[in-house]
Amino acid sequence: QVPFVESGGGLVQPGGSLRLSCIYSGSIFNFYDMGWYRQAPGKQRELVASITPGESTYYIDSVKGRFTISRDSAKNTVYLQMNSLKPEDTAMYYCNKRTRILGWGQGTQVTVSS
């Protein structure tokens, strides 16, 4: 049983926006660094963004200025706001702890296409 459930993906046009949600079971995760990861066909899974319990954030260069990671401890949720989406953002998106990775959830598919 994996404690992460991702949602919010879909099909959008280039330049569009999506907001992904990751609900985790257990408030213990409020004390961990959390991250959003993505994996495109034929490519390795990569970290996209991370956030600390104190809400310090990190982004890979390709999404800086376009994506925003946030968290709401009261709702046991980590979000990824994705703006100005590009076709190269197309991937399956997952959430997990930043370290000591647990099993992966089902992910949520993001497809950016005209």
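Numbers for the structure displayed
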read-out	value
By accessible area with a 1.4 Å probe, ligands and nucleic acids excluded, highest first: order of VAL48, VAL5, VAL12	VAL5, VAL12, VAL48
LYS86 accessible area, assembled protein chains, probe 1.4 Å, Å²	80
Accessible surface of THR90 - all protein chains present, 1.4 Å probe, nearest 10 Å²	40
Nearest-0.05 FRET efficiency for ASN83 and ASP33, computed from C-beta distance (R0 22 Å)	0.40
Sum of side-chain charges, LEU85 neighbourhood, beta-carbon under 13 Å (Lys, Arg +1; Asp, Glu -1)	+2
Distance histogram in 10 Å bins (all Cα pairs of the range 64-106, percent per bin)	21, 48, 30, 1
Cβ-defined net charge surrounding ASP33, 12 Å radius [Lys, Arg +1; Asp, Glu -1]	+3
Summed residue charge, Cβ within 12 Å of GLY16's Cβ, Lys/Arg positive, Asp/Glu negative	+2
Estimated inter-spin distance, ARG19 and ARG98, nm [label 7 Å along Cα→Cβ]	2.3
Over the range 17-60 - Rg/Rh using Cα atoms and the Kirkwood inverse-distance radius	1.01
Scattering profile of the range 27-114 at q = 0.13, 0.20, 0.21, 0.22 Å⁻¹ [log10 I(q)/I(0), Debye over alpha-carbon scatterers]	-0.41, -0.95, -1.04, -1.14
All lysines inside 27 Å of LYS43 as judged from Cα atoms, apart from same-chain residues fewer than 8 positions distant	LYS64, LYS86, LYS97
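The values are calculated or read from the model by the stated rules, or taken from the named source; none is laboratory data. None of the values given here were measured: they were computed from a predicted structure. Reconstructed Cβ throughout: ideal geometry from the backbone, glycine too, with neighbour counts over all protein chains shown. When the accessible area is computed, the model is the full protein with side chains, heavy atoms only, and any ligands, DNA or RNA have been set aside. Shrake-Rupley method; radii C 1.70, N 1.55, O 1.52, S 1.80 Å.
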